[in-house]
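Encoded as C-alpha cells, the structure appears first; notes follow it.
Derivation of every value follows stated rules applied to the coordinates shown; laboratory data play no part. In this text the structure is predicted, and so the values were computed from the model without any measurement. Every residue, glycine among them, receives a Cβ derived from its backbone with ideal geometry; neighbour counts consider all protein chains shown.
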Amino acid sequence: MAAPGDTESTLSRRSCFFIFLLVSSLALLYRVTNMEKYLIGTLNENDNQIIMTSKARGRLRRPPMVTSFPRNHSKHPVVYDMNTLERKDLPHGSFLFGPHSHQVNIKHNFKQSWTEVQKELIDDDDDIVDIEKEKERCDRYNFKLANEKNPKRRRLFLGSLLANDSLEVLKAVGTEAWNMFHTVSFIEGNVTQNLSPREWKYYDPNKPSEHLNTLYQLFGPKTKVSVDYYVSNLKTVGGNELITEFLQREGSMYRWEMNGMQEDDIGIILDADEIFTRDFLRAMQVCDMPEFNSNQDCREPKLIASTIVMESSPNCVTKDRRWHHPDAIIGKCLKQVGNETLHPPTKREYKGRHGMRQRGYGFEKDYSKYVAEGFGPKNTYPLWDAVDFRMEVGGNMRSKGDGSPTGYHFHNFFNNGEEIHVKYRTYGHSIKSAMEMPLWDLSADLKLAVDCTHGSSNDQVLDFNNTGSSNMPIYYLNEKVRNARHQLWKKIVQDEEGRVNGKSKNGTVEESDNDEDESPVNEQNSDVLVESSLGSSASASALYSTKSHWDSSKSAVLGLATGLSLGDYQNFVGSLRATGFPGHIILGIAKDAPKYIVDYLTKQNVTIQFVEMAEKCTYDGAIGHDGEPGKPIDTSHWHCPKDFPDFKITWARFPIYKQWLEQCPDCTDGIVLTDVRDAYFQRDPFTTAVKLQMQHPLMVFEEIYPELDNTHWLTDFPVKFCKNITVGNVPMLCSGSVMGSREGIIDYIDTMVDEFNLWMKSERCRINMPGDDQSVHNYLYYTNRLKNAIAIPHRTGPLHVVGWQAARVFERAQEEAKGQGVSNLANFYVKDDNWKNWLPEKYGLLDPNTGLLLNKDGSPSAQAHQVDRFGDLNKKWITRMNEEGWSYNKDRL
C-alpha cells in the first residue's frame, strides 16, 4: 500500500530503485560465490602456456579487478589462478601481484632453532623506544638520536629478486631481519638474466606452494612478505647483460606503493643473499642520518652498507674486502612514493622511462642535461628507481665506529655443485661452458672458497671467529649451524673434485658403482652431514693445471716493442736471456728500426716481427674523457697497424700475438704476453711457474689491493659507460702481464678480440683513451668470460706488477729530495756507493744484497713490470746490471 501523499511517479521511482537493489544483490552474490573460482582455480592448458613458460612474450589477458585476498581457511597459502592477480603491464613485461603473508592463512610447519643468545638479539622489537639504549646505538655509528623528545622508528621496506636462492641463505637473511621490516617484497621472474627459461619456484597452480609457505614464515609474523611475478617481453638483452634484472626490480617499487609506503619510510634494495646488520637496521630507524633528512634533495640519497663477504661458507670470510651493497634510500626520493611534481622523471635507457639513467640525466651524478632542459624546480633531482639503488653513484658507505661491517653477503651459498654450474651458465655474464668447467674455474670467488676448504687461502680469508668484527650474522652464531654449512661446502668441493678427477681422457665421466652421492643434500638436515674425508692439507692445485711441467725451451715470451731505445731492449731481452731462458722471444718492432737494434736482437736469438703502421686509423673514436657521445674525435694521434687498421695498437697487439703464435709451431708450452718498455726479468718465468705449481691455462695478475681497485678511472669509466655496470671494489688486473698455456692464451686472445669488436660497434664504447684494453681485460674476467682464468694475487706469482708501489716510493723520494735541496733523484737512496741497495728497507720490496725486487715470500720476482714508475731511483742499478750481464739473474731455483 502506498504511503499517504505518494504520487504515481514517486511509486514508479521507488519500484525502479527496489528492482535495482535486487539485481545488484544477485550480482554481488554471484561474484562472492564465484570469487573462490578466481582465487583458487587452476590454469587451463592455454593459460599454462602463456604464464608458465618464458617463451610467451605477448601481453597477458586482463584479469578481473582483484585488489585484496580474503583469508582462505582451507588452503595454506591460498591457491590462485595467476591470471586473476592484480597486474601492471609495462613495455618490457608484466608484473602480477600475489597475496602477502597477512592475507592468507599460513601452515606453520617451519620452526627456527635459535639459541638463547640468538633469541636475546632478535627480541628487540619493543613498541616503546628506549631512549638511552638507542642513543648508545646511534653513538656506535657516530650519529645522534633523531628525536629525543618523541622518538619513533622509521618503517623499513625491503625489495629483492628471487630465483633459486637456497633456503640456507634466506634463513640467514630472515633471521637478521626478524620482525624488522614492514614489507619484504620478492620478485620472481620467468626468465634468467640472459633470458634463459626458468620454472616458477614460488607458484604452483595446482596446490599450495610449500616454498611460498616457508618463505612467508622466515621474516617474522609482523612482516608482510610477498612474492610477485614478472613475465618478460624482452626478445634480447642487447648490449646490456643486466637489463632483465634492472627491469624486474621495478616490481618491488610497485609492491611498496601497494603496501602503503610513505615519504618518511626507508626503502632497501638488495640481492637475496645480502642484508644490513640487525644493529644497523635498528640504527637506521631512529638515528639522525643525513641521507634520511626531510630536506633531502635526492641528488645523493643513498646509504650504502660496508659489507663483509662470506664465500660459500661462514668460515670463509674474505679478508681486506668490503662489498658495497645493500643500499637504502628515504621514501621521499623513491619512484612510486615521492612527489613527481617536485622531482620529474628523468630519461632512461629503455623506452626512455626504464632501466638505467642516460648520460646527463643522472648517470654517475651527471645532471647537466636534466637541469638544462628544465626538469623540475631548482635544486631538486629525479626520483630513484630500483635499478638506481644498485647501479648509480650518489651516497655514503657507512661502517660502524670501530670499523666493523654494516652488512653481510652470503655469496654462493648453494646446496650442491649443479646449482652453482646452472647459475654461472644461465644468469648475468653467463659462461657457455659452465656446466663442464670445474667450480674453481668459474670465478675467482669460487676458487678462493675451494682453497678455503683446503686451508690454502689463509692469507685471503678469515674464520668466522677471527674477523675481529663486533657484528657477525645472528644466524651463524649457532656453531652447529655454522659448522654444518662449512661441512656441506667441503662435501660439494669433494664431489666436484671427484667429478673432475673421474673424467676419462675423452672428456666423459667414468661410471661409478655408488649412486648415493648423486642425490642432493637435504638442506634442512644439513647439520647431520658426515665430515668430508678430504683433509685440510689436501691441495686442488693439480686440478687447475693442464700440464705438470712447462719446458722453457718450448715456451715463448711475446711483446709489442715498436719505437723503443736500445737500452729498453737490453733491459728486457738481456735480463731474460741472463736467467738462462732458452725459449722463444718474439718481439714486434718498427719496420724502420735502426740496424744496431736489429743486430742486437738477432744476436740474442729474438724472433723479430716487423710491424708496419697504417697511414690512417679507421678506428672512429666517439667518446672522450668528457663522456659526451656522438662528438667526432680526431684520431690522427692514434697508431694502428696496417694489418688491423680498425684497432688502435693497444688493441691490435692481441690479434697480432695470435698470428705470431700460429707462426710458431714449437711454442707449445707456456706463453707470456707482456709489455716491454717498462719490464725486466730476474728469473725464468716458466721454471718459476713450475716451482709455484702455477701452470694454469690462463693467469691474470693482480696489482696491489686494496690500494688500487676497479673503481679507478682507467677501468671504471669505460666499463660503466659501455656496459652500464661497474666492476667495483675488486683487485685491478694488469692487461700487460698475462701468462698461460698456448691453448689458454689463444682462447684469451679470441675472447678479447670478440669483445673489442663489440665495443667498436657501439658509440658508447668507442672511447678516446689508450689504456682501455685494461678496461676490457678486467670486465671480461670479473664477468666470468675468460675461460679457465685464475687471478694471481699481487706479488705471489711469476709476474710482479710493481707500478702503484713504485710510484708512491718515487713520490716520497721527491718530497724528501725537495726538503734536502736535491734536484737529481738518480740513486737518491744509494749510500756509500752500495748500488745494490737502491731502496730503503722499510718498503720491503728489495733484496739489499742483489737489488732484485721480491715477491711476498722473499724470492725474486721472475718479472718486474712497470719499473719505470721508480723514476731514476734504480738508474745506477740497471746500468750496472747491464754491464755485468745481469749476474744476479742466474736461476737458483
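Here are some notes:
- Computed over region 164-288, the range of Cα coordinates on each principal axis works out to 45, 36, 26 Å, biggest value leading.
- Rounded to the nearest angstrom and listed largest first, the equivalent-ellipsoid semi-axes of region 748-884 from its Cα gyration tensor are 37, 19, 12.
- Calculated from backbone phi, Karplus (6.51, -1.76, 1.60) coupling profile of region 759-774 in Hz, x at Gly/Pro: 5, 5, 7, 10, 4, 5, 9, 8, 10, 8, 7, x, x, 6, 5, 5
- Label-point separation in nm, residue 135 to residue 605, each point 7 Å along Cα→Cβ: 8.0
- Cα centroids of region 739-789 and region 161-233: 36 Å apart.
- J(HN,Hα) series, region 174-187, from Karplus relation 6.51 cos²θ - 1.76 cosθ + 1.60, nearest Hz, glycine and proline x: x, 5, 4, 9, 3, 6, 8, 9, 6, 9, 10, 10, 10, 10
- Taking amide H atoms as placed 1.01 Å from N in the peptide plane, the amide H of residue 646 lies under 5 Å from those of 618, each 5 or more residues away in sequence or on another chain.
- Inter-part distance where region 340-403 and region 429-474 are each reduced to a Cα centre, Å: 34
- Convex hull of region 237-363 built on C-alpha atoms - directionally averaged projected area, nm²: 10.0
- Looking at region 813-880, the trypsin sites (Lys or Arg not before Pro) that sit in a DSSP loop and have at most 16 other Cβ atoms within 10 Å of their own Cβ are 831, 856.
- Between residue 419 and residue 470, the FRET efficiency from the beta-carbon distance, with R0 = 25 Å, is close to 0.15.
- Given R0 = 35 Å, the distance between the Cβ atoms of residue 890 and residue 432 translates into a calculated FRET efficiency of 0.20.
- Here region 224-304 has an Rg and Dmax of 15.6, 46 Å, counting Cα atoms alone.
- Rounded to 5, percent antiparallel among DSSP beta bridges of region 285-419: 40
- Neighbour net charge for residue 856 - beta-carbon separation under 10 angstrom, K R +1, D E -1: -1
- Close amide H pairs (under 5 Å, H built 1.01 Å from N) link residue 90 with 95, residues at least 5 positions away or on another chain.
- Distance cut-off 17 Å, percentage of C-alpha pairs in region 163-227 lying past it: 45
- The modelled label-to-label distance between residue 754 and residue 769, using points 7 Å beyond Cα along the C-beta direction, is 2.6 nm.
- For region 374-471, a Kirkwood radius taken over Cα pairs fed into Stokes-Einstein (4 °C, viscosity 1.567 mPa s) yields D = 74 µm²/s.
- Calculated FRET efficiency for the pair residue 857/residue 123, C-beta based, R₀ 60 Å, to 0.05: 0.75
- Each Lys and Arg Cβ is given +1 and each Asp and Glu Cβ -1; about its Cα centre, region 322-363 then shows a dipole of about 140 debye.
- Cα-Cα over 32 Å, subset of 554/842; 432/648; 235/491; 365/818; 447/876: 554/842; 235/491; 365/818; 447/876
- With all pairs of separate Cα atoms included, region 228-273 yields a Kirkwood hydrodynamic radius of 12.6 Å.
- Net charge in the neighbourhood of residue 660 (other residues with Cβ under 13 Å of its Cβ; Lys, Arg +1, Asp, Glu -1) is 0.
- For the listed peptides 674-684, 592-602, a ranking on the average number of other beta carbons within 10 Å per residue, highest first, reads 674-684, 592-602.
- Whole-Hz Karplus values for region 708-722 come out as 10, 9, 7, 7, 5, 4, 4, 10, 5, 4, x, 5, 4, 6, 7 Hz, taken residue by residue from phi with 6.51 cos²θ - 1.76 cosθ + 1.60 and θ = phi - 60°; glycine and proline positions read x.
- Distance between the pseudo-spin-label points of residue 204 and residue 834 (7 Å out from Cα toward the beta carbon): 7.7 nm.
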